1. Roughly speaking, what is the stretch gain from residue 18 to residue 4, that is 0.36 nm per residue apart minus the C-alpha to C-alpha distance, in nm to one decimal?
2. Taking amide H positions as placed in the peptide plane 1.01 Å from N, state which residues far from residue 49 in sequence (5 or more) or on other chains have amide H under 5 Å from it.
3. At a threshold of 8 angstrom on Cα-Cα distance, excluding pairs fewer than six apart, so keeping six or more, what relative contact order does the chain reach in percent?
4. What FRET efficiency comes out for residue 51 versus residue 11 if R0 is 22 angstrom and r is the Cβ-Cβ distance? Round to the nearest 0.05.
5. Charges only on Cβ, +1 for Lys and Arg, -1 for Asp and Glu: so what's the dipole of the chain about the Cα centre, in debye to the nearest 20?
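Every read-out reported here was derived from the displayed coordinates using simple, explicitly stated rules and does not represent laboratory data. Remember, it's a predicted structure, so these values are computed and weren't measured experimentally. For neighbour counting, all protein chains shown are included, and Cβ atoms are generated from backbone atoms with ideal geometry for every residue, glycine included.
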Amino acid sequence: MPMLDKTFAEELARDWIDAWNSHDLARILAHYRDDFEMSSPYIAEMAGEASGRLQGKPAVAAYWAEALR
């Protein structure tokens, strides 16, 4: 995998933050592959997943939809 240059990384981060702040779940998820995994101590509490891990866009979308409410 090629390294990201600084300009690209800054633009990517800015777009992700703008998507989150606008509560645009589809735009947030567009930054990820369909099979990505997410880990967080909050997942056990908010999503009821004891492992603290979610796999795939549908699972993460449900978790983030709750977080964005």
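1. On the way: separation 14, 0.36 × 14 = 5.04 nm, distance 1.98 nm.
Answer, rounded to one decimal: 3.1 nm.
2. HN-HN under 5 Å from residue 49: 44.
3. On the way: 51 pairs, mean separation 17.0, N = 69.
That works out to 25 percent.
4. Values: r = 33 Å, r/R0 = 1.50.
Efficiency, rounded to the nearest 0.05: 0.10.
5. Details: 7 positive and 12 negative charges, 13 e Å.
That gives a dipole near 60 debye.
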